[in-house]
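The values are calculated or read from the model by the stated rules, or taken from the named source; none is laboratory data. Worth saying up front: this structure is predicted, and the values here are computed from it rather than measured. Cβ placement follows ideal geometry from the backbone for every residue including glycine, while neighbour counts extend to all protein chains displayed. Each accessible area value is taken on the protein alone, full model and side chains, heavy atoms only, with ligands, DNA and RNA left out. Shrake-Rupley method; radii C 1.70, N 1.55, O 1.52, S 1.80 Å.
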Amino acid sequence: MSVIPILRLGAVKDVRRFQEHLHSIGVPIPCDNELLAGRESPLQWPLHRGGIELANRFAIQPMEGWDGLPDGNPSKNTVRRWRRFGSSGAKLIWGGEAVAVSHEARANPNQLVIAPHTHAGLASLRAVLLEGHREATGSAEPPLLGLQLTHSGRYCRPNVYSQPEPKILYHHPILDRKLGLSPDSPLLTDQQIGAIVEDFHRAAGAAWELGFDFVDIKHCHGYLGHEFLSARTRDGMYGGSFENRTRFLREVVEGIRSGAPGLRIGVRLSAFDTVPFRPDPSLSSNGKMGPGIPEVHDHLIPYEWGFGVDSHCPTQIDLTETRQFLGLLQELEISLVNLTAGSPYYNPHVQRPALYPPSDGYQPPEDPLIGVARQMQAARQLKSEFPKLIVVGTAYSYLQDFLPYVAQAAIREGWADVIGLGRMVLSYPGLLLDASEGRTIQHRLVCRTFSDCTTAPRMGLPSGCYPLDEHYKTSEPAVKLKAAKAGPR
Ligand SMILES: Cc1cc2nc3c(=O)[nH]c(=O)nc-3n(C[C@H](O)[C@H](O)[C@H](O)COP(=O)(O)O)c2cc1C
Ligand code: SF4
């Protein structure tokens, strides 16, 4: 656990001071001294690789709003968010947000679903995003636009938010306990998996007909695709060997290639993980959770339930199988790869470094800059080993005002091909367009990682940037959120 107080980046006014701070805490993150504009800016460099052309180097990460209609169609807030995604000027839109391949696959009762009755709604999201892009950039050249397809697996809650309906591939000694699953809770059968594979095929075919350029077969954050990768203890054709654990991916890809041959495929991958974390009980008091500590796992060595972790010391990264997985993507001629890490459910500090945890989360166990650097380093390493892939990097939002300086340096120095923006886009969609076109940065819109966009859904409210986005500031959910945060926890 970090004993050095964490420097609040919002209070750091100049990039040199930020660089000194990085140096003083020994965090290796590249950072330019000044911002460049136009074609001088690496963020505006075009990319041509493997038949894919991108006109700039920033992307919008998938960001769900828990604000779809009960039948899986978008709401007005969903439409607004997608317009803002488009207005970011990013030439790669990675999936918009997680869209469930069936009702049962939803992670919450307000998640979008892809099904015949939602096709028109999803088409309107695509249209509004492209319109937002045209209006903000004046460019007729559309971004490469994907749809993230998901099955929520262990984290399914399709009907009532307070009623989890987990669909698991194997029994996990820590996560089962956290989710209250008994040892005889049923596993998804191979036959049920076959039906899910067909749901992905149907969903991809529909995405293709709706005009999306690619689909992301989501393999991250503890959801089903990710859980396959660690299904070592599962029997049968989807568990055990690496080949079996990647059968789901291969079957989904095969069906998409025959059913929607022109559709590109991407994969968002949790490149590494760590064991689940919990708040340190000895440092929790008065309703405030302590800093995160790893769940006890000494009795679980070798640790078989993680992907991208060292089985002898599972709090450490091991990229051996991650490399194997990227090699498989290359064999399958998938070149769009979005690298993320961990899971928001059991180690959020790894997945999205933040100074302020959501209301039900532990305090940061480390300087969040360490979390940013961890993801950046993994992306850098893997990109250098797989130069044919287009690697999107993740977890930049915590860098706040210094994000454009780091993003610019990261592209120039080859740490990632494209910089993905998550939370920042909820508060300030135009940050990297402003930065790379020489416009003044609007500091009041910069995401400070307050985590309200995560706290709200945990309380059954739609997500959004309640502190900084005018649209939400005085909304009814914002009032409820404030009251809930002020009350006892
Ligand atoms: C409110 C919210 C919704 C998210 N929804 C998704 C999602 O639908 N699919 C996904 O792959 N990641 C999702 N993420 C993770 C982000 O895409 C991103 O990986 C994470 O926030 C770290 O990037 P950042 O530092 O730029 O925020 C979500 C994160 C947040 C905070
Ligand atoms: S609520 Fe707004 S400021 Fe807070 S993490 Fe989310 S986007 Fe950033």
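Of the residues that make up the stretch 115-136, is at least one more than 16 Å from ligand 2 (Cβ to nearest atom), closer than 27 Å to Arg247 by Cα and outside any helix (DSSP H, G or I)? Yes, because at least one residue in the stretch 115-136 is more than 16 Å from ligand 2 (Cβ to nearest atom), closer than 27 Å to Arg247 by Cα and outside any helix (DSSP H, G or I).
Listed here are the residues, each with its yes/no results for (1) closer than 24 Å to Pro404 by Cβ; (2) more than 19 Å from the chain's Cα centre (by Cα); (3) away from ligand 2 (no atom under 16 Å from the Cβ).
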{"site": "Pro46", "(1), (2), (3)": "yes, yes, yes"}
{"site": "Phe58", "(1), (2), (3)": "yes, no, yes"}
{"site": "Asn77", "(1), (2), (3)": "no, yes, no"}
{"site": "Trp94", "(1), (2), (3)": "yes, no, yes"}
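Restricting the stretch 463-481 to residues that are free of Cβ contacts under 8 Å to residues at least 12 places away in the same chain and either open to solvent by 40 Å² or more (accessible area, probe 1.4 Å) or assigned to a helix (DSSP H, G or I) (or both), which is nearest to ligand 1 (Cβ to nearest atom)? Ranking the candidates gives Tyr472 first.
With respect to being open to solvent by less than 10 Å² (accessible area, probe 1.4 Å) and modelled with pLDDT of 95 or more, Tyr398 fits the description. Kindly evaluate Gln381 against the criterion of being within 14 Å of the chain's Cα centre (by Cα) and either at pLDDT 95 or above or on the phi > 0 side of the Ramachandran plot (or both). No, not satisfied. Looking only at the stretch 346-382, residues that are more than 14 Å from ligand 1 (Cβ to nearest atom), closer than 30 Å to Glu53 by Cβ and either of a type in the set (Asp, Glu) or open to solvent by less than 30 Å² (accessible area, probe 1.4 Å) (or both) come to 1 in all.
Counting only helices (runs of 4 or more DSSP H) that sit completely within the stretch 214-277, those holding 2 or more residues that are surrounded by fewer than 21 Cβ atoms within 10 Å (Cβ to Cβ) correspond to 242-245, 247-259. Considering only residues in the stretch 451-462 that are within 12 Å of ligand 1 (Cβ to nearest atom) and in contact with a Lys or Arg (Cβ under 9 Å, 6 or more places away or on another chain), the one that is farthest from Val12 (Cα to Cα) turns out to be Leu461. If you go through the stretch 328-356 and pick out every residue that is assigned to a loop (DSSP other than H, G, I, E, B) and under 22 Å from Leu22 (Cα atoms), you end up with 6.
Mind checking which helices (runs of 4 or more DSSP H) fall wholly inside the stretch 395-453 and carry at least 2 residues that are within 8 Å of ligand 2 (Cβ to nearest atom) and without any contact (Cβ under 8 Å) to a residue 12 or more places away in the chain?
none
Looking at Pro281, Pro186, Pro261, just one residue is without any contact (Cβ under 8 Å) to a residue 24 or more places away in the chain and closer than 30 Å to Pro143 by Cα, and that residue is Pro261. When residues in the stretch 302-345 are screened for being at positive phi and open to solvent by 30 Å² or more (accessible area, probe 1.4 Å), 1 of them pass.
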